[in-house]
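Let me begin by presenting the structure, written as structure tokens, before commenting on it.
What follows draws every value from the coordinates through simple rules; no lab data is involved. The structure presented is a predicted model; accordingly, all values stated were derived computationally and were not measured. A quick note on method: Cβ atoms are made from the backbone with ideal geometry, for glycine too, and the neighbour counts reach across all protein chains shown.
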Amino acid sequence: MKVLNLYAGIGGNRKLWEDVEVTAVEHDERIAKIYQDHYPNDTVIVGDAHEYLKKHFSEFEFIWASPPCPTHSRFNFLNNANKEEVEYPDMTLYQEIILLQTWFKGKYCVENVISYYEPLIRPIESNNHYFWANFNFRKLPNTKRGIRGEEHEFRKERTGYDLSQYNLKRDFEKKILNNCTEAEIGLHILDCARGIIRAENTSQSSLF
């Protein structure tokens, strides 16, 4: 199964995927290096995921995208409330959803935070996140956040990534781990998409 993993980070959503041929796109070379170390058989591209999607979406059976979320978050709303000049939400998110809805023939999932505004396209809300997908999947319970003041150690244990060898600044490491989608969520959604694709292929084959 050919999978495109956009805004891949260090691969939290990809961690439990098996029997897949993955192309991952990540713009930060440092983060892409960590991803490649953990998934040496994946094709890792350091570049603009937004542009890569537009040019290559038709080459894949399943696409996962986690576009940048800070400008959509409820935390950003509180930040804007204290500024003289507010910040636009990044509409990259909706551009990609519309492209996939309109042109992509496979299955897709776009993940983002719960926004401070009413979403412009209705998502599935699951595990304290929004998901836009062209298939249904069972909603998962919210993940525990950890005790206040100990969130970083909790995320390290929860994600299962040991980044000590990379000598990262603590704030940067914290950001990387916080951006990891839970591996169980990534597996659950991929398995749902894979099951539907197999069923569709079987149905199509039975017609001939």
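Listing for the model above:
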{"item": "Residue-span extension gain [residue 184 to residue 171] - 0.36 nm each, minus C-alpha spacing", "result": "2.2 nm"}
{"item": "The chain - mean residue ellipticity at 222 nm from DSSP helices (-39,500 (n - 2.57) per run, n ≥ 4, rounded to 500)", "result": "-11500 deg cm²/dmol"}
{"item": "Nonlocal amide H pairs with residue 114, under 5 Å, H built at 1.01 Å", "result": "130"}
{"item": "Straight-distance crosslink candidates among lysines, where the alpha carbon sits under 19 Å from residue 105 and sequence neighbours closer than 8 are dropped", "result": "2, 54, 55"}
{"item": "Residue 91 long-range amide H proximity, modeled H, under 5 Å", "result": "none"}
{"item": "Karplus 3J(HN,Hα) series, Hz, for the range 96-104 with 6.51 cos²θ - 1.76 cosθ + 1.60 (x for Gly, Pro)", "result": "6, 4, 5, 4, 5, 4, 8, 10, 7"}
{"item": "Neighbour cut-off at most 10 other Cβ (10 Å), DSSP loop, GluC sites (Glu not before Pro), the range 1-76", "result": "18"}
{"item": "The range 41-51 - phi-based ³J(HN,Hα) in whole Hz, Karplus 6.51/-1.76/1.60, Gly and Pro as x", "result": "8, 7, 7, 10, 10, 8, x, 8, 5, 4, 6"}
{"item": "Relative packing of 130-140, 177-187, 157-167, which averages over residues the other C-beta atoms within 10 Å, highest first", "result": "177-187, 130-140, 157-167"}
{"item": "Amide H partners (placed H, <5 Å) of residue 44, local residues excluded", "result": "24"}
{"item": "Normalised contact order of the chain, rounded percent, pairs of Cα under 8 Å and 6 or more residues apart", "result": "22 percent"}
{"item": "Lys/Arg +1, Asp/Glu -1 at C-beta; the range 40-110 dipole; positive extreme among 95, 75, 108", "result": "108"}
{"item": "Surrounding net charge for residue 109, when Lys and Arg each add one and Asp and Glu each subtract one, Cβ distance under 13 Å", "result": "-1"}
{"item": "Cα-only radius of gyration and Dmax that characterise the chain, units Å", "result": "17.5, 64"}
{"item": "Hz values of 3J(HN,Hα) by residue in the range 168-176 - Karplus curve (6.51, -1.76, 1.60), Gly and Pro given as x", "result": "7, 5, 4, 5, 5, 4, 4, 4, 4"}
{"item": "The chain: antiparallel DSSP beta bridges as a percent of all, rounded to 5", "result": "35 percent"}
